[in-house]
Amino acid sequence: MGSRVLWGDRPESIRLAAEIIRAGGLVAFPTETVYGLGCDALNPDAAAKVFEAKQRPTFDPLIVHLADQAMIETVATSVSPVARRLMDAFWPGPLTLILPKHLSVPDLVTAGLPTVAVRIPDHSVARALIREAGAPVAAPSANPFGYVSPTTAQHVSDGLGDRIDLILDGGPCLLGVESTILSLAGARPELLRPGSLTLEAIQMVIGPVDRATSSQETAHVPGQSPRHYATRTPVTVLPAPRVWPVLRGCERVGLLAMSEPRDLAGQFHAIEVLSPSGDLREAARHLFSMLRKLDALGLDRIYAEPCAEQGLGLAIMDRLRRCATPS
Ligand code: TXA
Ligand code: MG
């Protein structure tokens, strides 16, 4: 049995969803990035249900979602001038900030860390839900741990349908790749996860940002395991754009292309094109849904075409590489 799905833009849906959150239940909701699996961020029993539903290890902390900047005082103890500049520039939007945690946030939500991850989503349904619930809402992406993130209500229902109380449908997510996570807990700002807000845009506002460059160096970042966003079908990232693999006839192979490929007729069992014109915003929006489509075909392998690691390309390549990391 699947869980109940309601259109998120109706006041009665928001009221019911907020009641469920206040009562310690789980509601999946749309954001501009991906769908989140939400609970009352200040209720440790509710947070425990999120970890259980996703089968998520408890060392992987959750992001706390706010309706407005005034709510930040309930979850963080101090907001530096740099943090305030970023909030003013990019909230609501796909930027998650790591700040010193307020005592009211349960340790389970932050995996015992002295810091908390916060953002204001740029989606009216998400903010209406948080406002009506009257509490910050902790929400990881609404997918089973390690699998590709959901960008439609149907994706949520496919992966977690019977484990959540309600799904609010807001249509397909506009950005399609998770928020950018920036830590302001150390001496210098550090990029912990590339995402929908580009590093270039952040640096325009606050200047240079440190970047962990190898998986060893990022090992201190909780929840950023090398293998993540993974399909059941093995994925190989091709060495360069427009360099196609030599295929053996017996293999059923799919291609995830960045832009319209030419002269490939018949070689691949299936081809998904992230953006016919090669636009990175469109590519990011389609990334997870096209990976899911190819994954549903029972192929032997999916080849993914790389893109340059600039702008949104940094987040797209981060997700593709993690998806392609063997378990
Ligand atoms: O776009 C998004 O960020 C989506 C939507 C739903 O808001 N959420 C999302 O959550 O991607 P999730 O759970 O898939 O990723 C949360 C990640 C953790 O895996 C961890 O890497 C980081 O956020 N994180 C959370 N709290 C942290 C903390 N205190 N310190 C460092 N990293 C933290
Ligand atoms: Mg996730």
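The values are calculated or read from the model by the stated rules, or taken from the named source; none is laboratory data. Everything quoted here is computed from the prediction, not taken from an experiment. Cβ: placed from backbone, ideal geometry, glycine included. Neighbour counts: every protein chain shown.
For region 147-162, the criterion of being surrounded by fewer than 24 Cβ atoms within 10 Å (Cβ to Cβ), touching a Pro at 6+ places or on another chain (Cβ under 6 Å) and of a type in the set (D, E, K, R) is satisfied by no residue at all.
Determine, yes or no, whether LEU99 is more than 19 Å from ALA135 (Cβ to Cβ), at pLDDT 95 or above and within 12 Å of ligand 1 (Cβ to nearest atom). Considered against the rule, which asks whether it is more than 19 Å from ALA135 (Cβ to Cβ), at pLDDT 95 or above and within 12 Å of ligand 1 (Cβ to nearest atom), LEU99 comes out as no.
So if I check each of ARG285, ARG292, which one is in contact with a His (Cβ under 7 Å, 6 or more places away or on another chain) and under 30 Å from PHE59 (Cα atoms)? Before you say what the answer is, go through the steps one by one.
Numbers: ARG285 fails: in contact with a His (Cβ under 7 Å, 6 or more places away or on another chain).
None of the other options fit; the residue is ARG292.
Sub-9 Å Cβ pairs linking a first residue in region 15-30 that is free of Cβ contacts under 8 Å to residues at least 60 places away in the same chain to a second residue that is in a strand (DSSP E or B), at least 6 apart or interchain, are ALA23/ASP40; GLY24/CYS39; GLY24/ASP40, ordered by first then second residue.
If I ask for residues that are at pLDDT 80 or above and loosely packed, with under 11 Cβ neighbours inside 10 Å, which ones from region 249-272 would you list? Matches in region 249-272: CYS250, ARG262. Can you tell me which residue in region 6-40 is farthest from LEU108 (Cα to Cα), limited to those that are in contact with a Ser or Thr (Cβ under 9 Å, 6 or more places away or on another chain) and among the small types (Gly, Ala, Ser)? Applying the filter and picking the extreme gives GLY8.
Looking at ALA67, is it assigned by TED's automatic domain parsing to the domain that holds ALA187, at pLDDT 95 or above and out of contact with any Lys or Arg (no Cβ under 9 Å at 6 or more places or on another chain)?
Values: assigned by TED's automatic domain parsing to the domain that holds ALA187: yes; at pLDDT 95 or above: yes; out of contact with any Lys or Arg (no Cβ under 9 Å at 6 or more places or on another chain): no.
No.
Meeting the requirement of 2 or more residues that are more than 16 Å from ligand 2 (Cβ to nearest atom), at pLDDT 95 or above and farther than 27 Å from SER3 by Cβ, the strands (runs of 3 or more DSSP E) wholly within region 141-235 are 180-183, 190-193. Scanning region 163-188 for residues that are more than 17 Å from SER141 (Cα to Cα) and crowded, with 23+ Cβ neighbours inside 10 Å turns up just one, LEU182. Taken over region 46-71, the criterion of being part of a loop (DSSP other than H, G, I, E, B) and more than 9 Å from ligand 1 (Cβ to nearest atom) is satisfied by GLN55, PRO57, THR58, PHE59, LEU66, ALA67, ASP68.
Inside region 308-327, can you point out the residues that are part of a loop (DSSP other than H, G, I, E, B) and surrounded by 21 or more Cβ atoms within 10 Å (Cβ to Cβ)?
Let us first name the residues in region 308-327 that are part of a loop (DSSP other than H, G, I, E, B), namely 308-312, 325-327.
LEU312 - this is the single residue of region 308-327 that is part of a loop (DSSP other than H, G, I, E, B) and surrounded by 21 or more Cβ atoms within 10 Å (Cβ to Cβ).
When the criteria are applied in full, PRO261 fails the requirement of being farther than 30 Å from LEU62 by Cβ, without any contact (Cβ under 8 Å) to a residue 60 or more places away in the chain, within 24 Å of the chain's Cα centre (by Cα) and outside the structural domain of ILE63 (by TED's automatic domain parsing).
Look at ASP122 and say whether it is of a type in the set (Asp, Glu), under 25 Å from GLU19 (Cα atoms) and part of a loop (DSSP other than H, G, I, E, B).
yes
Within region 58-88, the set of residues being of a type in the set (A, V, I, L, M, F, W, C), closer than 23 Å to VAL209 by Cα and surrounded by fewer than 19 Cβ atoms within 10 Å (Cβ to Cβ) comprises VAL79, VAL82. Each residue in region 275-307 was checked for being touching a residue at least 40 places away in the same chain (Cβ under 8 Å) and not in a helix (DSSP H, G or I), and 11 pass.
Of everything in region 90-106, what is part of a helix (DSSP H, G or I) and either within 16 Å of ligand 2 (Cβ to nearest atom) or free of Cβ contacts under 8 Å to residues at least 12 places away in the same chain (or both)? Give them in sequence order. Walk me through it before giving the result.
Applying the first criterion (part of a helix (DSSP H, G or I)) to region 90-106 yields 90.
Of everything in region 90-106, nothing turns out to be part of a helix (DSSP H, G or I) and either within 16 Å of ligand 2 (Cβ to nearest atom) or free of Cβ contacts under 8 Å to residues at least 12 places away in the same chain (or both).
Any chance region 25-45 includes a residue that's part of a loop (DSSP other than H, G, I, E, B), under 15 Å from PRO140 (Cβ atoms) and among the small types (Gly, Ala, Ser)? The answer is yes; a qualifying residue exists.
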